[in-house]
Amino acid sequence: SVMSFSELAVTATHAVDLAWAAGGAAERERHWLRIHGDAALAAWLAGLQPTHLHFGSEFCEHLLPSERVLREALRRVEEAGLRFVLLTPVASPDVLARLHGLLPMLPAGTEVVANDWGVAHELHTRFPALLPVAGRVLCRMTKDPRLHPGWAGRCGHGLAAPTMRALFERLGILRLELDMPVFADDGALEGLPLPAGVHLPCVYVAKGRMCRAGGLSMKGPERFAVGRRCRKECLRLAAEASRPGRDDACRTIQLGNTLFSRHSDAMAQALRRAADAGRIARLVVAGEPL
């Protein structure tokens, strides 16, 4: 089918090679098939050339780039002819201090995805030349793949509530990022108060501060503690999460401190119909394997 919108963002946590993005449809299809192993998804995405790079992390403070890494990513994005978007996680005092060094490096008009209300407030009050975006952690919804279909009516986005609209307006937020609901139908993305970027092919279910991959080499209670030195194990290791004797609706993956689930066939089809109908302003595709 022919997609009726023009924006496709690729996410990355490190300065990835973007040469494939300028290639033809066949090269893009090969790239997406290698990354996600889904022929139907790769064929669908091949028809759209990437327009944005979403760089950084929504979920882990250790994956916020350094100034050197950010400078290199900005250079590569400019060479590839893409627009840069900075992803930021839930903010500790250390994250806020580091952001005060990173944000002045961004060109005016750059989008910054905030997953912390404090970061959104800082952007609005101290960096008015940048464009705050409400990320997935702020645009919450129930996305547990263990849920029974009887929950379908209770798993919408709820982002059009007057209180949310007022908060977005007060913080100068002009765009949202969110996941597909687990029980997605053709009305799943209706009623959104702002233009939305929708992530694929996974949704984030829950996050914490304890990193499962980072604790593998440790013993005792320290294995589950936070604050240890990070070696970015999540960039190399992921774990399947399954329940013996249960057939959950979606494949579930533990990556670092975050639990993800893969889109079911029904979710993927609903997403494509919503995109074709023009209800999605931007697709945000994982640029690294999950």
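Odds and ends about this structure:
- For the residues 6, 92, a 1.4 Å probe over the protein chains yields an accessible-area ranking, largest first, of 6, 92.
- When nucleic acids and ligands are ignored and a 1.4 Å probe is applied, residue 59 ends up with an accessible area of around 20 Å².
- The calculated FRET efficiency for residue 269 paired with residue 169, based on their beta-carbon distance and R0 = 35 Å, is about 0.55.
- Along the range 40-53 the Karplus relation, 6.51 cos²θ - 1.76 cosθ + 1.60 evaluated at θ = phi - 60°, assigns HN-Hα couplings of 5, 5, 4, 5, 5, 6, 4, x, 10, 7, x, 10, 9, 10 Hz to successive residues, with x for each Gly and Pro.
- Between the range 15-58 and the range 186-201, the alpha-carbon center distance in angstrom: 21
- Calculated FRET value between residue 17 and residue 290, using beta carbons and R₀ = 25 Å, to 0.05: 0.85
- If the segment from residue 72 to residue 190 were pulled out straight at 0.36 nm per residue, it would be longer than the present Cα-Cα gap by 38.7 nm.
- The residue list 26, 59, 10 was ranked by how far each Cα lies along the charge dipole of the range 1-83 toward its positive end, using unit charges on Cβ atoms, and 26 comes out on top.
- Most to least accessible of 94, 179, 38 (protein chains only, probe 1.4 Å): 94, 38, 179
- Loop GluC sites (Glu not before Pro), the range 3-99 (other Cβ atoms within 10 Å of the site Cβ: 13 or fewer; DSSP): none
- Diffusion coefficient of the range 1-140 by Stokes-Einstein, Kirkwood radius over Cα pairs, 25 °C, 0.890 mPa s: 154 µm²/s.
- Between the range 263-290 and the range 83-143, the Cα center-to-center distance that results, in Å: 24
The values are calculated or read from the model by the stated rules, or taken from the named source; none is laboratory data. Note that the coordinates shown come from a computational prediction; the quantities given were computed from them, not determined experimentally. FYI the Cβ positions are ideal-geometry reconstructions off the backbone, even for glycines, and counts take in every protein chain you see. Note: accessible area is taken over every heavy atom of the protein model, side chains too, but ligands, DNA and RNA are not part of it. Shrake-Rupley method; radii C 1.70, N 1.55, O 1.52, S 1.80 Å.
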